[in-house]
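Trainee: Following this message is one structure expressed as structure tokens.
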Amino acid sequence: MTLDTADLVDRRIPGRSLEAPFYASREVFDLDLAAVWTRQWIFVAAEGELPEPGDYVTAAIGPYSIIVVRDDDENLTALHNVCRHRGARILTEERGSVGNIVCGYHKWTYRTDGSLLHAPAQDGGFDPACFGLKTVHVRSVGGLVFVCLAEDPPPDFAEVASRIEPYLLPHRLREAKVAARVDLVEDCNWKLTMENNRECYHCDGHPELVRSFFPTYGYREDQLPPPLRPAYERYCRVRAELRETYDRLGLPYETIEELTRPSGFRIEREPLDLAGESFTPDGTAACRRLLADFPTARLGHLSLHWQPNAWFHVLSEHAITFAVLPIAPDRTLLRTTWLVHPDAEEGVDYDLGRLTKVWTATNEQDADLVTRAQCGITSPAYEPGPYAPSEYQVDAFCTWYLTRLREHLRR
Ligand code: FES
Ligand code: FE
């Protein structure tokens, strides 16, 4: 039986979770690739992952494989990882460094800007200029690298980037270096990974995180359950104090929430609990060397949510990027990267275990939760259930997503 995807999109009840085929069917997964993943700006890496000319990362977006490489002029280039000879996957590692990009099959050799340098033993009429690697749009926003597979990317990205960048630039992420990177494959649809990130209704499943992260996230004051009131009072006190610090340091902190526009995002600066410096058991800094010349480590965290595939926590002394990439209808990659000052030394300025502990544990707990969600949703007994008020960002994510599907189906 063929799925009527247009009907599925149209009959969604706002305020309720999506129907099962959105999470389980191959047809919807293919639609997601066409309507979302090949049309929107997708976060794939931090610039710190490719500091030198020739450094590259690869990212798989469904069946696509993209190379992001720093070319000889130190610009970022994004290329399809598909040889123009007979189509072989060229770079098979997740990251590395190359002089030129050489296909291992018959040794066609491309420059780091994608142009074809050399194709062995072709005849005289062969024109290398016709066989450069296909390019992909790429743009760094304050050190965060986004790609877009569409010929015509969403036109609102430049404006959104210009509003996000002032929040990011003081943290100097362009120069930051990678302290750790962890790939976690979750047994669920990519939308469950994203939805799970957009609420803190489940935050008591994160004992390590909620020591420093306020579990009041997403709640309006009048909706707070009584057990969260003391934390909310502390949150308000620290927020007022931090805003004075932000004003003094010229750090923008106004919350901007535009989650349903094409390049949908939410950015804000939020306090942390305890010492207020980092995601550690006592809230003190995990890295002695701060990312920039801040007079204090107590800056809370800058939180950025990106539709459709990312979130970020940027602190005074490290930053964490989270990229969600679809593998199959029920398999999703969560790629987490920890960034520190380029001169920070492991074992001297930071202990890697302490730096990564909270979010490694949190990611594993979330992977378990979203796997459970995927299992339940694929039972015939599942029917969409109502969101709590504090899950309004989950609803906003689904609204964003369905709007993209509608736009695609109308085309
Ligand atoms: Fe790449 Fe032949 S497929 S050189
Ligand atoms: Fe979680």
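The values are calculated or read from the model by the stated rules, or taken from the named source; none is laboratory data. Quick caveat, the model's predicted, so the values are computed rather than measured. Cβ: placed from backbone, ideal geometry, glycine included. Neighbour counts: every protein chain shown.
Trainee: Does residue 269 qualify as being over 29 Å from residue 330 (Cα atoms), modelled with pLDDT of 95 or more and not in a helix (DSSP H, G or I)?
Mentor: Yes, satisfied.
Trainee: Taking residue 174 as the residue in question, decide whether it is surrounded by 20 or more Cβ atoms within 10 Å (Cβ to Cβ), away from ligand 1 (no atom under 16 Å from the Cβ) and modelled with pLDDT of 95 or more.
Mentor: Criteria not met by residue 174.
Trainee: What number of residues in the stretch 198-216 are in a helix (DSSP H, G or I) and more than 7 Å from ligand 2 (Cβ to nearest atom)?
Mentor: Of the residues in the stretch 198-216, 5 are in a helix (DSSP H, G or I) and more than 7 Å from ligand 2 (Cβ to nearest atom).
Here's the yes/no breakdown for (1) farther than 20 Å from residue 319 by Cβ; (2) among the aliphatic types (A, V, I, L, M):
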residue	(1), (2)
156	yes, no
165	no, no
192	yes, yes
208	no, no
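Trainee: State which residue pairs qualify: first residue within 18 Å of residue 25 (Cβ to Cβ) and inside the stretch 367-379, second residue β-branched (Val, Ile, Thr) and surrounded by fewer than 19 Cβ atoms within 10 Å (Cβ to Cβ) in any location, beta carbons under 8 Å apart, and separation of 6 or more residues or different chains.
Mentor: Taking only residues 6 or more apart or on different chains, not a single pair turns up.
Trainee: Which count do you get for residues in the stretch 305-314 that are over 9 Å from the mean Cα position of the chain (by Cα) and buried (at least 24 other Cβ atoms within 10 Å of the Cβ)?
Mentor: Of the residues in the stretch 305-314, 1 are over 9 Å from the mean Cα position of the chain (by Cα) and buried (at least 24 other Cβ atoms within 10 Å of the Cβ).
Trainee: Mind checking whether some residue in the stretch 153-162 is under 19 Å from the mean Cα position of the chain (by Cα), in a loop (DSSP other than H, G, I, E, B), more than 16 Å from ligand 2 (Cβ to nearest atom) and of a type in the set (Gly, Ala, Ser)?
Mentor: Checking the stretch 153-162: not a single residue is under 19 Å from the mean Cα position of the chain (by Cα), in a loop (DSSP other than H, G, I, E, B), more than 16 Å from ligand 2 (Cβ to nearest atom) and of a type in the set (Gly, Ala, Ser).
Trainee: Checking residue 140 against (1) more than 16 Å from ligand 1 (Cβ to nearest atom); (2) buried (at least 20 other Cβ atoms within 10 Å of the Cβ): exactly one of these is not met. Which one?
Mentor: If we test residue 140 against (1) more than 16 Å from ligand 1 (Cβ to nearest atom); (2) buried (at least 20 other Cβ atoms within 10 Å of the Cβ), just (2) comes out false.
Conditions tested, residue by residue: (1) more than 10 Å from ligand 1 (Cβ to nearest atom); (2) farther than 19 Å from residue 68 by Cα; (3) of a type in the set (Asp, Glu); (4) more than 29 Å from the chain's Cα centre (by Cα).
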position: 95; (1), (2), (3), (4): yes, no, no, no
position: 100; (1), (2), (3), (4): yes, no, no, no
position: 104; (1), (2), (3), (4): no, no, no, yes
position: 108; (1), (2), (3), (4): no, no, no, yes
position: 117; (1), (2), (3), (4): yes, no, no, yes
position: 124; (1), (2), (3), (4): yes, yes, no, yes
position: 129; (1), (2), (3), (4): yes, yes, no, yes
position: 135; (1), (2), (3), (4): yes, no, no, no
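Trainee: Take the residues of the stretch 326-365 that are of a type in the set (D, E, K, R) and within 16 Å of ligand 2 (Cβ to nearest atom): which is surrounded by the most Cβ atoms within 10 Å (Cβ to Cβ)?
Mentor: 357
Trainee: Then there is this: Being within 21 Å of residue 359 (Cα to Cα) and touching a residue at least 40 places away in the same chain (Cβ under 8 Å), is that true of even one residue in the stretch 227-234?
Mentor: Within the stretch 227-234 (the criterion being within 21 Å of residue 359 (Cα to Cα) and touching a residue at least 40 places away in the same chain (Cβ under 8 Å)), the answer is yes, since at least one residue qualifies.
Trainee: Taking the condition aromatic (Phe, Trp, Tyr), farther than 24 Å from residue 173 by Cα and at pLDDT 95 or above, does residue 56 pass?
Mentor: no
Trainee: Now for a different question. Which of the residues belonging to the stretch 319-367 are closer than 26 Å to residue 37 by Cα and either over 19 Å from the mean Cα position of the chain (by Cα) or small (Gly, Ala, Ser) (or both)?
Mentor: Hits for the stretch 319-367 are 319, 323, 328, 367.
Trainee: A follow-up question, please. Restrict the check to the stretch 219-231 and report whether at least one residue is within 16 Å of ligand 2 (Cβ to nearest atom), part of a loop (DSSP other than H, G, I, E, B) and buried (at least 19 other Cβ atoms within 10 Å of the Cβ).
Mentor: Taking every residue of the stretch 219-231 in turn, at least one turns out to be within 16 Å of ligand 2 (Cβ to nearest atom), part of a loop (DSSP other than H, G, I, E, B) and buried (at least 19 other Cβ atoms within 10 Å of the Cβ).
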